[in-house]
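Only one structure is covered here, and it is reproduced in the block below.
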Amino acid sequence: MMELPALLVLDVQKGFDDPYWGKRNNPEAERNIARLLTEWRNRKGNVIFTKHLSLEPASPLHHRNQLGTEIKDVVKPLDGEVIFTKNVNSGFIGTELESYLKQNNIKSVVITGLSTQHCVSTTTRMSGNLGFDSFIVSDAIAAFEIKDHNGVNHTADSIQEHELAMLQKEFATIVTTEDLIKQWKQ
């Protein structure tokens, strides 16, 4: 990563604190995203947010739930930072994200946010398929436990581990917050 890629902060919204989602891993995700935001802002890099406005009435991210759809204070966008709103998992569907990246000649993206198995995974896959050099920050994302079609419960940690295993190489390079910060301190 020679030039500073765009930093994508996907759906870090207050509604993800609701027990509706089940147990979550990586309680440090938001703190790590905040560290990356500080680094990007200090370097005058592109910072792009997405905000999920669900159409599902039971969702804490339902578009009419103003508190649930707010971006968490720890990673609050600054005036002038781009926010794309969406109703599906991918940050590219129904938004101008792809055209924004192309218009600004951005070829690489660093992906952070919530949740690993939904918006992070889907956006990462599309980013890779659209030809963007994609990096996913393993400690700046978080997953939730999930029950599969056979009724088997999978822990948030196992979901995170499997999603990262599926995304590596094919769609993205897996990095950590510390990896990125050290790289630009050199």
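The values are calculated or read from the model by the stated rules, or taken from the named source; none is laboratory data. What you are looking at is a predicted structure, and each value in this text was computed from that prediction instead of being measured. Cβ placement follows ideal geometry from the backbone for every residue including glycine, while neighbour counts extend to all protein chains displayed. These accessible areas exclude ligands, DNA and RNA; they are computed on the full protein's heavy atoms, side chains included. Shrake-Rupley method; radii C 1.70, N 1.55, O 1.52, S 1.80 Å.
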- request: May I ask you to list the residues in region 165-186 that are open to solvent by less than 80 Å² (accessible area, probe 1.4 Å) and either within 25 Å of LYS14 (Cβ to Cβ) or in a strand (DSSP E or B) (or both)?
  value: ALA172, THR173, ILE174, VAL175, THR177
statement: With the first residue restricted to region 39-54 and required to be under 21 Å from LEU114 (Cα atoms), and the second required to be open to solvent by 60 Å² or more (accessible area, probe 1.4 Å), Cβ contacts under 6 Å at 6 or more apart or on different chains are PHE49/ILE83; LYS51/ILE83; LYS51/THR85; LEU53/HIS63; LEU53/THR85; LEU53/ASN87
Test: VAL82 is among the β-branched types (Val, Ile, Thr), open to solvent by less than 40 Å² (accessible area, probe 1.4 Å) and without any contact (Cβ under 8 Å) to a residue 40 or more places away in the chain: yes
task: Considering only region 1-46, state which residues are assigned to a loop (DSSP other than H, G, I, E, B) and either touching a Cys at 6+ places or on another chain (Cβ under 8 Å) or over 26 Å from GLU145 (Cα atoms) (or both).
output: MET1, MET2, GLU3, LEU4, PRO5, ASP11, ARG43, LYS44, GLY45, ASN46
Residue check for LEU37: open to solvent by less than 80 Å² (accessible area, probe 1.4 Å) and either more than 12 Å from the chain's Cα centre (by Cα) or more than 16 Å from VAL75 (Cα to Cα) (or both): yes
message: Would you confirm, using the coordinates I've provided, whether GLY91 is out of contact with any Pro (no Cβ under 8 Å at 6 or more places or on another chain) and not in a loop (DSSP other than H, G, I, E, B)?
response: no
query: Taking the stated definitions as given, is ASN105 open to solvent by 80 Å² or more (accessible area, probe 1.4 Å) and either farther than 25 Å from LEU164 by Cβ or in contact with a Ser or Thr (Cβ under 8 Å, 6 or more places away or on another chain) (or both)?
result: yes
